[in-house]
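Each remark here refers to the structure printed beneath this line.
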Amino acid sequence: MDAFSERKYVISAMILLLCLIYIVRLFYIQVVDESYMLSAENNSRRYIVKYPARGLIFDRKHRLIAYNEAAYDLQVISAQLKPFDTVMLERILEVDHSFLLNKLKEAKQKRYRPYIIIKQLTSDSYAQLQEVLHRFQGFSVQVRTIRHFPYNCGAHILGYTQEVDSNNIKKDRYYEMGDYIGVSGIEKSYEKELRGIKGGEYFNVDVLGRVKGRLEGGKYDRHSEIGTNIYSTIDIELQAYGEKLLRNKIGSIVAIEPATGEILALVSSPGFNPNVLTGRHLNKYFQLLKKDTLLPLYNRAINGDMYPPGSTFKVVNALIGQQEGVCSRHTYHSCNGGYFVGSFKVGCHVHRSPVNLVESVQMSCNAYYCNVFRNILDNRKYGKVSVAYDVWRKHVMSFGLGDLTGIDLPGEKPGMIPKASYFDKYYGKDRWKSLTVISLSIGQGEIGVTPLQMANLVTTIANRGFYKIPHVIKGIDDASINPKYLVKHYSTVESKYFEPVIEGMFNVVQGGEGATAGWTKVPDIEICGKTGTAQNPHGEDHSIFMAFAPKVNPKIAISVYVENAGYGSSWAAPIATLLIEKYINDTIKRDWFEKRILEANLINAKP
Amino acid sequence: MRNHKKEENLFARIDKLILVLYLLLVFMGWFNIYAAVYNEEHHSIFSISQQYGKQLIWIIAAFFIGIIILIVDTKFFPMLANPFYGFIIILLLSVLVFGREVNGARSWFEIGSVRIQPAEFAKLATCLLLSKYLSSFNIKIMKLKTLSIIGLMFLIPFSLILLQNDTGSALVYASFVLVLYRLGMPGMILFFGFATAAISVLSLILEPAYISIGIISVAALLYFLLRKDVKQLTIGLIALSSSLVLSWLVFFKILHQESYFPVFISAFLVTIGVFIAPIYKNRLNHVLITLLTTFAFVIFSFSVAYLFDNMLGEHQKTRINVLLGTESDTRGAGYNVNQSKIAIGSGGFSGKGFLEGTQTKFNFVPEQSTDFIFCTVGEEWGFVGTSVVLILFAILLVRIVFVSEKQKSPFSRIYGYCVASILFFHLAINIGMTIGLLPVIGIPLPFFSYGGSSLWSFTVLLFIFIKLDTDRDRIIH
Ligand SMILES: [Zn+2]
């Protein structure tokens, strides 16, 4: 024992104090501060998404119209890089030196995590690369799939996919950066069915990003489930033919199978090859298409809702007139070059007078429909024009006009059939008369329809009074389609009133006195149609035609709209009858007729 | 028969607590090494090709060494001190010539596949020699001659190890300060030692002017507190704080000066002023010593900052800044500490479980079986594991201190303190480093870290003490 033996307490206290400080510190970093936990997971856990292949799309005849091709993303883990032959890699990837250097610099930021150098390599580049990949340490290839559309058509129906953006992710937590999502057409409206279910595998990785086995033996891993196959209502050959006919023209075609409401073809021209919006150059082509003044990305068939229906609308008034009892098959109206009230005049072309209902359709008499329309609106039983107008409007809308049809394609526009209050607002309450809105009688004025709605209208006529909501999907693997597409929607006009109108439409094409489209008739096929020529304040009139065939048990109803092309009979009608011929006979016998359409370039006719 | 009884007595006299703690720590270390470098292909903990298999061999060998030490007569150890020290010095010299360089340090002998690090055994040699020297008759610790001899005893191995570029092992010699403190070195030296180290570190983190103000305030506070003169203390504090505020206002707000120096000068002058009054009442030298010490610390603080700014290269500056946490660099020099903290921090309260650690197993933590073995404890056993290890070490160290005090023989007592000090230093530096409280200095965690040299040297160190303790009533020289 010596004088300083008490110092053992000081020394012991120092030891205990240090251990206490360390335990407090450990409590802080281990228990209180949870950021280390996250950093650790971030370090050593890698989630590798297993992307499912998208569902295939078949047409109505079970032809494959959209499938997947393998694409290869080349990625690099910077920390694993060893010196390599940059020249060789640049040659295989077809990129320049600065591109590669830039990408490698970006990859360095991620250091231990894979960074994608180049997306969606073609199979060719991949084949070349695969042979020498072992020479490029740190590089690896991730297999993805990209869409391919073998018929090179149907872009507006099929749509396209692209990488999700932050909005998509916000809306649906299923998506993560790097996923693809349908952004238009069937790809969008049936995204949930087509995308399948992503799987994923968790791996432990070491400090260099090398996989060191599955996390907890694969306990959290999930298999991916491939997307559901979808059967479209489209007849891809009819679609392709429609696109061919509308080449170098602005306009649209919608063809529907009347009995089912199934869309056979839906063309918007100018369009684009759906295959340009897949793969590595998607963005480049997308920008080009976006800048094009002819708006190829715009689907006129369902998005263009300010088209006046023109004379095709006369059949609607003929039907409503009968239902409202203001005209019948035997109602005659005279026409001497038009409809005159005082100084007011609606002109008409030269034809015999008077004409009955069938003939009025056949000859497309303006005066006849001015009379019918005024009689509907001035019907005494409704007291006021505005009341009668709303009755008329209800009838019109029962043909699927003025509102969304409910087609299973995104972005449909409703068209416009204004309410009476619209005119009240414009002219003052009850300060307007039937004469004020007389242009509605011949499908002009404050009225707009989509080409789809017009096809749906002619479908309703073909069915003698009902339509089913037009749709592009027949079946989703074994599951049935939405039952709303199976319901018959009856128009407010009784079935019996359709016959005179159909008779008139029959004569329009099949000939007869003053037939507006007689020259377009197809031997052996009884086509019923109606031309239209819509005035267009911006230039040449729009050429419009709607038709169905055959007259009994119709197989196809069609509407054709060619912008700035003149009379309905000159362009829209021949295109429609060619499509009908193609659909029903499968071959075109009228070669000269077809040739004229194919060679026509109507885009440059635009002022 | 007699012999047998003697052996029985030997076992009975062994300090069981120290022995049990030793065994616990060694086996915990082994399991953690297994977890740290676990290899699926060699999943047996006995796989000789892996570090854990090898560590088992080192452990078994260590036990043999331990047993041999327990059998040897206690007289043997003081006898061994001089030749062993000499032998180690020769080894340290020759390793500089024939040694193999590992991680930039030329401190290993390589014989076949076995590597030996003489620096690990140099501690032991110094312990024995120091104990022997200080336990001789008529040694007065504070005499210049004694201090010179002790200094030389440390300086020779210290500088040789430093020459090997093994800073960590060299710094261990600082731990002998605790032994000297116990033997009567004034506590002030220990205090100044700590203060100097703390001030150097703080000078690099904070403006020296702030530190100066801190030093002056603390000194004044201590002075008045110790004199228990409340009136003086109040006057001093008011004078000091008002002078600080005033000078800060004048220089920063009115004169728009950027430097803290004038603030510090005025604060210093005020403090001197506050000191002047008691000078007449009290013994002059107390006041003078306090003043001079304070002033010396202030000058020291400024010079550390000056030296750092002007004498070091960019690379060294960055390294020091990262170590001190004033510069974050999670990819470069700070990477190790950051990863080490992540590994320990991710363990949570109860850990991820044995072999479930990812950070250590997948090499995110550097040196995970040697210097950073504590990370595996932290990751797989959590806060429970880390505190258990710290508590076991604390019990072991305090136990050694108290057992040392029971020794009749000064040699044994001093040796015990040597053992405690060295273990304490290793524990403090190693764990402090892994939890980011101390700079990265590569020294092993006793009994835990992988490696034969370190395990054997700590075993020998501890077992000699256990053996000496069995003869605690005998005076040995
Ligand atoms: Zn007419």
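A single entry from A:412, A:446, A:503 fulfils the requirement of being within 20 Å of the chain's Cα centre (by Cα) and acidic (Asp, Glu): A:412. Can you find even one residue in region A:397-409 that is more than 10 Å from the ligand (Cβ to nearest atom), among the polar types (S, T, N, Q), away from every other protein chain (no Cβ under 14 Å) and touching a residue at least 40 places away in the same chain (Cβ under 8 Å)? Yes: region A:397-409 contains one or more residues that are more than 10 Å from the ligand (Cβ to nearest atom), among the polar types (S, T, N, Q), away from every other protein chain (no Cβ under 14 Å) and touching a residue at least 40 places away in the same chain (Cβ under 8 Å). Taken together, the residues in region B:66-94 that are of a type outside the set (S, T, N, Q), surrounded by 12 or more Cβ atoms within 10 Å (Cβ to Cβ) and not in a helix (DSSP H, G or I) amount to 2. Scanning region B:415-442 for residues that are surrounded by fewer than 24 Cβ atoms within 10 Å (Cβ to Cβ) and away from chain A (no Cβ under 11 Å) returns B:439, B:440, B:441, B:442. Out of everything in region A:16-50 that is open to solvent by 70 Å² or more (accessible area, probe 1.4 Å) and of a type in the set (Ser, Thr, Tyr), what residue ends up being modelled with the highest pLDDT? Within region A:16-50, the match that is modelled with the highest pLDDT is A:28.
Could you list, in sequence order, all residues of region A:359-385 that are of a type outside the set (Val, Ile, Thr), open to solvent by 10 Å² or more (accessible area, probe 1.4 Å) and away from the ligand (no atom under 12 Å from the Cβ)? Within region A:359-385, A:374, A:375, A:378, A:379, A:380, A:381, A:382, A:383, A:384 qualify. Please work out if residue A:343 is more than 12 Å from the ligand (Cβ to nearest atom), over 43 Å from the mean Cα position of the chain (by Cα) and not β-branched (Val, Ile, Thr). For residue A:343, the condition - more than 12 Å from the ligand (Cβ to nearest atom), over 43 Å from the mean Cα position of the chain (by Cα) and not β-branched (Val, Ile, Thr) - is met.
The set of residues in region A:328-340 that are near the ligand (Cβ under 8 Å from one of its atoms), outside any strand (DSSP E or B) and not hydrophobic (A, V, I, L, M, F, W, C) contains only A:337. Taking residues in region B:384-404 that are more than 8 Å from chain A (Cβ to nearest Cβ), and partners anywhere that are open to solvent by 30 Å² or more (accessible area, probe 1.4 Å) and not in a helix (DSSP H, G or I), the pairs with Cβ atoms closer than 7 Å and at least 6 places apart or on different chains are B:384/B:349; B:384/B:350.
As a summary of the residue check, residue A:13 satisfies the conditions (1) open to solvent by less than 60 Å² (accessible area, probe 1.4 Å); (2) more than 30 Å from residue B:190 (Cβ to Cβ); (3) more than 8 Å from every other protein chain (Cβ to nearest Cβ) except for the one numbered (2). Residue check: residue A:592 meets all listed conditions (1) open to solvent by 20 Å² or more (accessible area, probe 1.4 Å); (2) farther than 24 Å from residue A:252 by Cβ; (3) of a type outside the set (Gly, Ala, Ser); (4) not in a helix (DSSP H, G or I) but one, namely (4). Assessment of region A:348-358 against the conditions (closer than 15 Å to residue A:439 by Cβ, crowded, with 17+ Cβ neighbours inside 10 Å and more than 13 Å from the ligand (Cβ to nearest atom)) yields no matching residue. Within region A:1-10, being of a type in the set (Phe, Trp, Tyr) and more than 7 Å from every other protein chain (Cβ to nearest Cβ) holds for one residue alone: A:9. With the condition kept exactly as written, say whether any residue in region A:317-333 is in contact with a strand residue (DSSP E or B) (Cβ under 7 Å, 6 or more places away or on another chain) and either β-branched (Val, Ile, Thr) or open to solvent by less than 20 Å² (accessible area, probe 1.4 Å) (or both). No, there is no match, as no residue in region A:317-333 is in contact with a strand residue (DSSP E or B) (Cβ under 7 Å, 6 or more places away or on another chain) and either β-branched (Val, Ile, Thr) or open to solvent by less than 20 Å² (accessible area, probe 1.4 Å) (or both). Only helices (runs of 4 or more DSSP H) whose full extent lies in region A:165-256 are considered here, and the ones with at least 3 residues that are in contact with a strand residue (DSSP E or B) (Cβ under 9 Å, 6 or more places away or on another chain) are A:185-189, A:191-195, A:236-245.
Residues in region A:151-175 that are under 22 Å from residue A:276 (Cα atoms) and hydroxyl-bearing (Ser, Thr, Tyr): how many? Working first, answer last.
First pass over region A:151-175, keeping only residues under 22 Å from residue A:276 (Cα atoms): A:151-165.
From the residues that got through so far, the ones that are hydroxyl-bearing (Ser, Thr, Tyr) too are A:151, A:160-161.
Result for region A:151-175: 3.
Identify the residue in region A:311-327 that is within 23 Å of residue A:380 (Cβ to Cβ), small (Gly, Ala, Ser) and not in a loop (DSSP other than H, G, I, E, B) and, among all such residues, is nearest to the ligand (Cβ to nearest atom). The residue in question is A:318. Out of curiosity, is residue A:160 open to solvent by 70 Å² or more (accessible area, probe 1.4 Å), touching a residue at least 24 places away in the same chain (Cβ under 8 Å) and under 29 Å from residue A:238 (Cβ atoms)? Judged against the criteria, residue A:160 is not a match.
Scanning region B:173-185 for residues that are open to solvent by less than 50 Å² (accessible area, probe 1.4 Å) and either more than 9 Å from chain A (Cβ to nearest Cβ) or out of contact with any helix residue (DSSP H, G or I) (no Cβ under 7 Å at 6 or more places or on another chain) (or both) turns up B:173, B:175, B:176, B:179, B:180, B:184, B:185.
Against the test of being among the hydrophobic types (A, V, I, L, M, F, W, C), facing another protein chain (nearest Cβ under 7 Å) and under 29 Å from residue A:177 (Cβ atoms), the options A:79, A:70, A:40 yield a single qualifying residue, A:40. For residue A:112, are the conditions met, namely being outside any helix (DSSP H, G or I) and either open to solvent by 40 Å² or more (accessible area, probe 1.4 Å) or in the same structural domain as residue A:254 (by TED's automatic domain parsing) (or both)? Judged against the criteria, residue A:112 is not a match.
The values are calculated or read from the model by the stated rules, or taken from the named source; none is laboratory data. Note that the structure is predicted; figures quoted are calculated from it, not measured. Cβ coordinates were reconstructed from backbone atoms using ideal geometry, including for glycine residues, and neighbour counts include every protein chain displayed. Accessible surface is based on the protein model in full, side chains and every heavy atom, while ligands, DNA and RNA are left aside. Shrake-Rupley method; radii C 1.70, N 1.55, O 1.52, S 1.80 Å.
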